[in-house]
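Here the structure is laid out as structure tokens; the discussion comes afterwards.
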Amino acid sequence: MTYRAILAASAALSFCLASAAASAQTADKSIALSNNYAGNSWRQAMINSWEEVTGKAVEDGIVGSADAFTTAENSATEQAAQLQNMILQGYDAIVLNSASPTALNGAVKEACDAGITVVSFDGVVTEPCAWRIAVDFKKMGSDQIEYLAERYPDGGKLLEIRGLPGTSVDEEIHAGIVEGVKAHPQFEVVREVQGDWTQTVAQKSVASVLASLPEVVGVVTQGGDGYGAAQAFKAAGREVPTIIMGNRHDELTWWKEQKDANGYETFSQSIAPGVSTLAFWVAQQILDGKDVPKDLVVPTLRIDQDGLAEGLEMTPEGGVTNQEYTQDQAAELISSAQ
Amino acid sequence: MTSRLAKFQSIWQSAPYAFAFIGAMVIFAITLIANQGSGAGQIVSAALAFGSFYALVGIGQMFVITSGPGNIDLSVPANIALSGAVAMSIMGGSDAMIPLGLLAALGCGAAIGCVNYALISVLRIPPIIATLSSSFVVQSLAIVYGRGLRITPPPFLAEIATGRVAGIPILSVLVIALAGVMALVLHRSIYGRFLKAIGQNMNAASLAGIRVGLVRFGTYVLCAIFAALCGVLLAAFSGGASLNMGEEYLLASIAVVVIGGTSVAGGFSNVSGIWGAALFLYLLVTMMNTLGVGTGLRQILTGLIIVAVITLAGSRRGVRE
């Protein structure tokens, strides 16, 4: 109780002093975003969120500057060169979405040696001197089975849609699904098709497997493929099973239509592109002298049946459900990890 | 061995498209056996529907490839993304606007074709580079224009793209008819003969009085219009345009041309092979999914099977001369 009271008091105090204290520490600090790719709607939203939140932070005098840089090609060598430029330009912190978990380690080490704080997120780096805000993709896989186990206690057959072959994200989500099925052996993945996180590819793959697919209770996915799967089931005149969605606008719109028409139930999850702003605040907190653990986990943005209308509002047309993070949320994440 | 090869060659000479159809049928048979004989109708129906898109882009690409060595159009995926987005936003989900939206998308395609040929002819950039660079520009336009675009297609257009009569997709009937027309254009029209003549020997064709530039110009525009049409129908088929919906059609458009028995060196082509190859490519995916092949092995098998079919197709080389 006393602990809570102290916490509340300190929170209130820090709230009062927040702008004064924080700006005193980091008002003249400059933070750069090094981003390896901008060619899809998720990355576009990520950059927009960064600009919006950091723009306000600069205006409020919390940091001196927060520039965003994106490499033209999704290549590690180019991004390493970009990092070296940033070191020469004398940034105080670099927030990094990396093209490779290992190939940038050398450049990251150089930055650390030059006294620069490096915070990697989404595409994290393994170099120990950098901070990591990683996504728990495995949990994104096992959570789907957990949900289905609640919906269908008797279990049943499942269809799995995989992502881009050979990527670690695909491997990890898949591993999470395998783990989930092991924990709930009443489920069985009867077919696995390739969806490439793309609606049209998923639609084609699912359509091609439908003729030989026994009745399934659920479709486990990786995001960006749920709407295509639904279209394929509909075109074949089959009842649409519970398809896990990935927070894309078309997926949520379809779900809403079905929910209104026949009470269709599922859930949806993805990482909000605004995670770039979480990384920004974490970097700011580190510059502010806070003690921050090196490994943090990004919370997934999950939409359940009740939150669908609200989730849809947070989703730009054609994009992914987004959420921008605040300084307080970053502080909360840091303290929960300690 | 030699006699078997000779047999292959004689099949090739009389019917260069045969291997695509034979391949498609073999794969179909394996799928049916794995599936205990059920679902044949559904598989064929889906193959016709998805094959229509491969066929559309393939026919356009085939005309370009026919016009001689080095000719290729890499702007197909970007074109599909932009045209689909333009059509969907102009139609705005209303049946009355379908003609206007379709016209705008095809116009958009024609413009891309004009730019492609201008780069090739005026700036003398090799086609592979010219169309690749124009595709970057077009894709960026599609991103700017189509950012956050997911407009539901008009009901009538969606019905044409996804509807079936007696199990046969309406779309496939239209595309087969279109393929028939294009076969006539290729083999019977003056334009088609000029095109093949240019593909076989550009200098000879030019000396014979063929206006080479004009024919090549028309061919690039034609290919771009086919890609644009594919973009519109694909958007209608998948419930709205998306930025990356054209991605898989870059390699697919070239693969169906080659598997279909058209000479990559130009000058010799056939339209029916495109359909054979389109069915082949789709049924290949179906077979892998039915057999439940894992993703890694699937890539290897897809590669090996395509190499096998093209190698058989390649045995005609040397016969032609």
Fill in the blank from the handout: Over all pairs of different Cα atoms in chain A, the reciprocal of the mean inverse distance gives a Kirkwood radius in Å of 21.3
Completion exercise
Heavy-atom accessible area of A:Tyr37, protein chains in place, probe 1.4 angstrom, given in Å² to nearest 10, is 90
Practice task
Ignore the peptide's own chain and count Cβ atoms of other chains within 10 Å of each Cβ in A:250-259; give me the average, rounded.
Solution key: 1
Practice task
Hey, can you grab everything whose amide H is under 5 Å from the amide H of A:Thr242? Only 5+ residues off in sequence or another chain; H modelled, so Pro and N-termini drop out.
Solution key: A:Gly218, A:Val219
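Taking the solvent-accessible surface of protein heavy atoms with a 1.4 Å probe, what is the per residue accessible area of chain B in Å²? Don't skip to the answer; put the middle values down first.
Numbers: 13240 Å² over 321 residues.
Accessible area per residue, chain B: 41 Å².
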Practice task
May I ask you to compute the full-extension gain from A:Ser168 to A:Glu51, defined as 0.36 nm times their residue separation minus their alpha-carbon distance, rounded to one decimal in nm?
Solution key: 39.3 nm
Practice task
Could you work out how far apart the two model spin labels at B:Leu301 and B:Ala177 are, taking each label as a point 7 Å from the Cα in the direction of the beta carbon, and quote it in nm?
Solution key: 3.8
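Loop-only trypsin sites (Lys or Arg not before Pro) in segment B:213-319, please: DSSP not H, G, I, E or B, and at most 15 other Cβ atoms within 10 Å.
Values: sites: B:Arg216, B:Arg298, B:Arg316, B:Arg317; in loops: B:Arg316, B:Arg317.
Answer by residue number: B:Arg317.
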Problem - Per-pair calculated FRET efficiency, R0 = 41 Å: A:Lys109 and A:Glu239 via Cβ, rounded to 0.05 - result: 0.15
Exercise for the section: Note down the Stokes-Einstein diffusion coefficient of segment B:115-169 in µm²/s, whole number, using a Kirkwood radius over alpha carbon pairs, 25 °C, and 0.890 mPa s. Expected result: 171
Exercise for the section: Grab the other residues whose beta carbon is less than 13 angstrom from that of B:Val57, score K and R as +1, D and E as -1, and report the net. Expected result: -3
Exercise for the section: Please determine, in degrees from 0 to 90 and to the nearest 10, the orientation of helix A:249-262 with respect to the longest principal axis defined by the Cα atoms of chain A, where the helix direction is its Cα long axis. Expected result: 40
Completion exercise
Here the equivalent ellipsoid of chain B, derived from its Cα gyration tensor, has semi-axes (largest first, whole Å) of 29, 28, 17
Exercise for the section: Return P(r) of segment A:236-338 (all Cα-Cα pairs; 10 Å bins starting at 0; whole %; ordered from short to long distances). Expected result: 14, 38, 24, 17, 6, 1, 0
Problem - Listed residues B:Ile80, B:Ile120, B:Gly109: farthest to the positive end of the dipole of chain B (Cβ charges) - result: B:Ile120
Practice task
Would you tell me the accessible area of A:Asp122, worked out with a 1.4 angstrom probe on the heavy atoms of the protein chains, in Å² to the nearest 10?
Solution key: 40
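Ranked highest first by the average count of other Cβ atoms within 10 Å around their residues, in what order do A:226-236, B:182-192 fall? Working shown, then result.
On the way: A:226-236: 23.6, B:182-192: 15.2.
Ranking, from highest mean packing down: A:226-236, B:182-192.
Within the set A:Lys139/A:Lys259; A:Lys139/A:Lys256; A:Lys234/A:Lys259; A:Lys204/A:Lys234; A:Lys29/A:Lys109; A:Lys234/A:Lys256, which residue pairs have Cα atoms separated by over 22 Å? If you can, show how the numbers build up before the last one.
Details: A:Lys139/A:Lys259 26 Å; A:Lys139/A:Lys256 25 Å; A:Lys234/A:Lys259 15 Å; A:Lys204/A:Lys234 13 Å; A:Lys29/A:Lys109 20 Å; A:Lys234/A:Lys256 16 Å.
Cα-Cα > 22 Å for A:Lys139/A:Lys259; A:Lys139/A:Lys256; rest within.
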Handout entry: Stokes-Einstein D in µm²/s, Kirkwood radius over Cα pairs - segment A:137-244 at 10 °C with 1.306 mPa s viscosity
Key = 119
Fill in the blank from the handout: Under a 1.4 Å probe, counting only protein heavy atoms, B:Ser75 has an accessible area in Å², nearest 10, of 0
Problem - Solvent-accessible area lost in complex, 50 Å² minimum, residues of segment A:171-206 relative to chain alone, 1.4 Å - result: A:Glu192, A:Gln194, A:Thr200, A:Gln203, A:Lys204
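When the accessible area of the protein assembly as shown is computed with all protein chains present and a 1.4 Å probe, what percentage of it is carbon and sulfur?
Details: 16870 of 27340 Å².
Carbon with sulfur: 62 percent of the solvent-accessible area.
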Completion exercise
Relative to chain A, whose Cα atoms define the longest principal axis, helix A:168-183 and its Cα axis are tilted in degrees, nearest 10, by 60
Handout entry: Magnitude of the charge dipole, the protein assembly as shown, Cβ model with Lys/Arg +1 and Asp/Glu -1, debye to 20
Key = 3440
Handout entry: DSSP beta bridges in the protein assembly as shown [antiparallel fraction, %, rounded to 5]
Key = 15
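Residue by residue through B:241-248, how many Cβ atoms from other chains fall within 10 Å of the Cβ on average? Mind dumping the intermediate values first?
On the way: counts 1, 10, 6, 10, 6, 1, 4, 5.
What the average comes to for B:241-248 is 5.
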Completion exercise
Counting other chain Cβ atoms within 10 Å of each Cβ in A:313-323 and taking the mean gives 2
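Tally Lys and Arg at +1 and Asp and Glu at -1 over the other residues with C-beta under 14 Å from the C-beta of A:Glu146: what net charge comes out? Provide the component values of the computation, followed by the final result.
Numbers: positive: A:Lys138, A:Lys139, A:Arg151, A:Lys182, A:Arg302; negative: A:Asp136, A:Asp143, A:Glu150, A:Glu179, A:Asp304.
For residues surrounding A:Glu146, the net value is 0.
Within segment B:112-174, which trypsin sites (Lys or Arg not before Pro) sit in a loop by DSSP and count at most 13 neighbouring Cβ atoms inside 10 Å? Let's see the in-between values first.
Values: sites: B:Arg124, B:Arg147, B:Arg150, B:Arg164; in loops: B:Arg124, B:Arg147, B:Arg150.
Here the sparse-neighbourhood loop sites are B:Arg124.
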Practice task
Between beta-carbons, use under 14 Å as the cut-off and find the net charge around A:Trp281, counting Lys and Arg +1, Asp and Glu -1.
Solution key: -3
Exercise for the section: Output the Kirkwood hydrodynamic radius of the protein assembly as shown, Cα pairs only, in Å rounded to one decimal. Expected result: 27.0
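Can you put B:Cys108, B:Cys230 in order of accessible area, largest first, using a 1.4 Å probe?
Numbers: B:Cys108 25, B:Cys230 0 Å².
Heavy-atom accessible area, descending, gives B:Cys108, B:Cys230.
Accessible area lost on pairing A with B, both sides, 1.4 Å probe, Å² to nearest 100?
Working: alone 15350 and 14440 Å², together 27340 Å².
For chain A against chain B, roughly 2400 Å² becomes buried.
With every protein chain left in place, what is the accessible area per residue of segment A:42-108 in square angstrom, probe 1.4 Å? Spell out each step's value before the answer.
Working: 2900 Å² over 67 residues.
The answer is 43 Å² per residue.
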Exercise for the section: Would you look at the GNM of chain B, springs on alpha carbons closer than 10 Å, and say which of B:Gln299, B:Gln200, B:Gln139 moves the most? Expected result: B:Gln299
Practice task
Report P(r) for segment A:167-227: all Cα-Cα distances, bin width 10 Å, range 0 to the bin holding the largest distance, values in whole percent.
Solution key: 20, 52, 27, 0
Problem - Rounded to 10°, Cα long-axis angle of helix A:327-337 versus longest principal axis of chain A - result: 80
Exercise for the section: Evaluate the distance, in nm, between pseudo-label points positioned 7 Å from the Cα of B:Ile168 and of A:Lys290 along their respective Cα→Cβ axes. Expected result: 6.7
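The values are calculated or read from the model by the stated rules, or taken from the named source; none is laboratory data. Predicted model only: the values in this text are computed from it and were never measured. Reconstructed Cβ throughout: ideal geometry from the backbone, glycine too, with neighbour counts over all protein chains shown. Note: accessible area is taken over every heavy atom of the protein model, side chains too, but ligands, DNA and RNA are not part of it. Shrake-Rupley method; radii C 1.70, N 1.55, O 1.52, S 1.80 Å.
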